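One structure below.
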Amino acid sequence: MRNTTRTEGKAGSSGPESRAEPLGWKPVEPPGRVTLTGRFVRLEPFDPDAHAATLFDAAHGPGADPHLWDYMSSGPFADLVSFRPYLDDVAATDDPLAFTVVDLGDGTPRGMARLMRIDTANGVGEIGHIWFGSGLQRTPGATEAIFLLAGYMFDTLGYRRFEWKCNAANGRSRRAAERFGFSFEGIFRQHMVVKDRNRDTAWFAIIDRDWPMIRRAFALWLDPANFDAAGQQKRSLTEIRAGLLS
């Protein structure tokens with residue numbers, strides 16, 4: 001669905017945006033507790049009873065990323081006992097709706113992501129509260145997890161806009177958003193207070209008319225032909241997307 005505008009001005013009009021053509025838009029359904037399966041990972045509805053212990057190990061165990069919780073609204077946690085109430089709160093809501101990222105190679109939960117701030121009337125949703133343990137970071141599975149959730153929102157549910165927001169100081173998250181094809185839209189200054197600190201928020205989004213090209217780039221990057229015998233990528237996702245745009 002494309003939102004087109006007429007550019008000619010008329011007396012009494014408030015500008016081109018007032019001339020937007022009707023979309024024939026109908027509200028969409030909210031995301032549900034579904035399972036999304038790719039080649040590297042499976043995203044399944046978060047279940048604290050099944051996932052708590054392994055997720056604690058991924059986030060806090062030996063070799064865990066020491067900066068994983070720097071920009072999260074909660075954590076880190078001293079032990080599984082203190083982690084569990086946080087996970088129970090996560091499981092109790094449909095917005096945000098949490099998914100566990102499971103490594104298909106060994107069946108181990110490696111991280112989480114949530115669909116949130118769902119606006120079915122306008123077809124807008126956000127991916128947030130993303131954390132990937134060190135065993136998932138910078139792997140094809142991490143990229144595939146984002147691809148699966150974006151495809152679910154656009155292709156299955158018919159959303160118009162998929163957002164990514166993060167602390168403006170979080171360089172890793174900002175670079176990830178741009179790598180995945182989210183367009184930077186600006187900084188909302190003093191948007192939040194997180195852990196008693198100011199948070200300026202960087203906003204990114206993919207919209208429906210851009211998704212087919214971005215989806216194609218994901219598919220080409222994830223194709224086995226894009227990896228050598230050692231599992232190293234031949235072309236980066238950014239390079240592939242640039243080629244499709246040229």
| said: Let me confirm the definition first: pairs of Lys residues in the chain, 8 or more apart or on different chains, C-alpha distance under 30 Å. How many are there? | reply: 4
| remark: Honestly the stretch 95-160 on the Cα gyration tensor test (a ≥ b ≥ c root eigenvalues; a/c under 1.5 rounded, otherwise a/b vs b/c for prolate or oblate) is just prolate
| Counting only the heavy atoms of the protein chains, how much of Glu178 is accessible to a 1.4 Å probe, in Å² to the nearest 10? | 90 Å²
| message | For a quick check: with amide H placed at 1.01 Å from N, whose amide H comes under 5 Å from Gly111's, ignoring anything fewer than 5 positions away on the same chain? | response | Val101, Gly133
| request: Using the Karplus curve 6.51 cos²θ - 1.76 cosθ + 1.60 with θ = phi - 60°, work out ³J(HN,Hα) for each residue of the stretch 160-174 in order, rounded to whole Hz, and write x for Gly and Pro. | output: 9, 8, 10, 9, 9, 10, 7, 4, 4, 7, 8, x, 4, 5, 5
| remark: Low-density loop chymotrypsin sites (Phe, Trp or Tyr not before Pro), the stretch 215-246, at most 11 other Cβ within 10 Å, DSSP non-H/G/I/E/B, are none
| query | From the square roots a ≥ b ≥ c of the eigenvalues of the alpha-carbon gyration tensor of the stretch 82-227, which class results: rounded (a/c under 1.5), prolate (a/b over b/c), or oblate? | reply | rounded
| said: I need the per residue convex hull volume for the chain, using only the alpha carbons, in cubic angstrom as a whole number. | reply: 151 Å³
| note | DSSP beta bridges in the chain: the antiparallel percent, rounded to 5, is 90 percent
| task | Pull up all non-local amide H partners of Glu126: gap of 5 or more, or a different chain, and H-to-H distance under 5 Å with H placed in the peptide plane. | result | Met116, Glu163
| the chain - mean residue ellipticity at 222 nm from DSSP helices (-39,500 (n - 2.57) per run, n ≥ 4, rounded to 500) | -8500 deg cm²/dmol
| message | Please compute the Kirkwood hydrodynamic radius of the stretch 8-130 from all pairs of different C-alpha atoms, in Å with one decimal. | response | 17.1 Å
| Magnitude of the charge dipole, the chain, Cβ model with Lys/Arg +1 and Asp/Glu -1, debye to 20 | 940 debye
| Taking amide H positions as placed 1.01 Å from N in the peptide plane, with prolines and chain starts having none, which residues 5 or more places from Leu136, or on another chain, fall under 5 Å of its amide H? | none
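The values are calculated or read from the model by the stated rules, or taken from the named source; none is laboratory data. Keep in mind that what you see is a predicted model, and the values were worked out from it rather than measured. As a convention, Cβ positions derive from the backbone with ideal geometry for all residues, glycine included, and neighbour counts pool all protein chains shown. We work out accessible area using only protein heavy atoms, side chains counted, and drop any ligands, DNA or RNA first. Shrake-Rupley method; radii C 1.70, N 1.55, O 1.52, S 1.80 Å.
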